[in-house]
1. Could you pull out every one of the helices (runs of 4 or more DSSP H) wholly within the stretch 56-162 that has 2 or more residues that are out of contact with any strand residue (DSSP E or B) (no Cβ under 8 Å at 6 or more places or on another chain) and exposed (fewer than 11 other Cβ atoms within 10 Å of the Cβ)?
2. Exactly one of these conditions fails for residue 338: (1) without any contact (Cβ under 8 Å) to a residue 60 or more places away in the chain; (2) surrounded by fewer than 17 Cβ atoms within 10 Å (Cβ to Cβ). Give me its number.
3. In the set 187, 238, 208, which member is outside the structural domain of residue 434 (by TED's automatic domain parsing) and touching a strand residue (DSSP E or B) at 6+ places or on another chain (Cβ under 9 Å)?
4. Please list, ordered by residue number, the strands (runs of 3 or more DSSP E) wholly in the stretch 209-320 having 1 or more residues that are closer than 23 Å to residue 374 by Cβ.
5. Note down all Cβ pairs under 9 Å where the first residue falls in the stretch 401-417 and is within 16 Å of residue 128 (Cα to Cα) and in the same structural domain as residue 126 (by TED's automatic domain parsing), the second is at pLDDT below 85 and part of a loop (DSSP other than H, G, I, E, B), and they're at least six residues apart or on different chains.
6. For residue 15, are the conditions met, namely being assigned to a helix (DSSP H, G or I), modelled with pLDDT under 70 and more than 36 Å from the chain's Cα centre (by Cα)?
7. Kindly indicate whether residue 361 is part of a loop (DSSP other than H, G, I, E, B) and touching a strand residue (DSSP E or B) at 6+ places or on another chain (Cβ under 9 Å).
């Protein structure tokens, strides 16, 4: 006797109930009928919409509903009103949105959408990963959604280019990988961005930083200090960069450089540049480094690089050292000290055989401040370090922490508890801030540790 049967008899555990064969077949027939009707409606609408080429986006949804009613009059006589509405929503999301994940992208509480395979769709909600009941029909269904995302951007994904980075119209970041690289099937990862950019008040309310830290950073941005934001993946670097950018005076000319345009600046004088991958012949690529070099000839008051990953680091450091003060950028690192090590490595990727001391001199003279942000165990994002770069002493770049987040413990509900505090050290550039009219509050630098 099997273990399951023995447990069921001895301990009163019920064995799984098998559905009657006829009932299972009936359920499958209903499911197949809905799928077939969905495909028929989709194909009908595609053919009909080709006849209305001048339809504007705001009129498209209304036209789809009108055409669907015509279809249901002939084909949907055995569908209930609720089934027709459900079918229409599914097909409408296919034509005007991004298929089954449209409702996930519309949910403001969801930060990230991850499609691992047609039957595996996960989301990050309130800092935690959750599996959803959303699914795709097959691999081709996912590929059609990917094509809908990348085609308007002039990008493509196929066997010759099986990976692509893109963005949605609202600025959300998209990464897609298809077979043979993705073994389970096409994989899509979408990092959502708020349609309304976060403000500094939002970050304070969410506990990302304290009010004193926000006032200090605003003074540093206005004083045109060169600031770098470090942190891990998903730590909120871009959101913080957006907030810091909002402190830049409206009278300055800003040039932003990104792989996929995500920054949303409110100033009047903003030039946004975006890199370009190679075309189908493998030529025509425009890298971040090319854009950084070109930006120097665009008379920028500020240069903002969304993320440095490679050889463009050398050009950015040289820009900071040649009069382009107030520049901002982000990079991946675990600590402020690690960020310096990564910058050294990325400078060496430029192909120049520079001595380590020369690289460190470039970094120490270019950067004034490093802001490190981390994603905590409970999913919240916090600025854990605001660190001043003091300069080079012998062969070591000297750092000095100004503000820190001190983690205490996890609360009963699993939330990280702690406090933001100054280290009691006044920055070396405080005189520079005061000369420009920014008053340094003594309360910011009272030792609390």
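1. Filter on the stretch 56-162 gives 57-75, 81-96.
2. Of everything listed in (1) without any contact (Cβ under 8 Å) to a residue 60 or more places away in the chain; (2) surrounded by fewer than 17 Cβ atoms within 10 Å (Cβ to Cβ), residue 338 misses just condition (1).
3. Details: 238 fails: outside the structural domain of residue 434 (by TED's automatic domain parsing); 208 fails: outside the structural domain of residue 434 (by TED's automatic domain parsing).
On inspection, the qualifying residue turns out to be 187.
4. In the stretch 209-320, 227-231, 254-258, 302-305 are the strands (runs of 3 or more DSSP E) which contain 1 or more residues that are closer than 23 Å to residue 374 by Cβ.
5. Pairs that qualify, where the first residue is within 16 Å of residue 128 (Cα to Cα) and in the same structural domain as residue 126 (by TED's automatic domain parsing) and the partner is at pLDDT below 85 and part of a loop (DSSP other than H, G, I, E, B): there are none.
6. So residue 15 does not fit the description; no.
7. Details: part of a loop (DSSP other than H, G, I, E, B): no; touching a strand residue (DSSP E or B) at 6+ places or on another chain (Cβ under 9 Å): yes.
No; evaluated as a whole, the condition is false for this residue.
Residue-by-condition table, conditions (1) in the same structural domain as residue 243 (by TED's automatic domain parsing); (2) within 19 Å of residue 318 (Cβ to Cβ); (3) buried (at least 19 other Cβ atoms within 10 Å of the Cβ); (4) touching a residue at least 24 places away in the same chain (Cβ under 8 Å):
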position	(1), (2), (3), (4)
257	yes, yes, yes, yes
260	yes, no, yes, yes
268	yes, no, no, no
274	yes, no, no, no
285	yes, no, no, no
290	yes, yes, no, no
300	yes, yes, yes, yes
304	yes, yes, yes, yes
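The values are calculated or read from the model by the stated rules, or taken from the named source; none is laboratory data. Given the structure is predicted, the values throughout are model-derived calculations rather than measurements. Every residue, glycine as well, gets a Cβ built from its backbone with ideal geometry; the counts of neighbours run over all protein chains shown.
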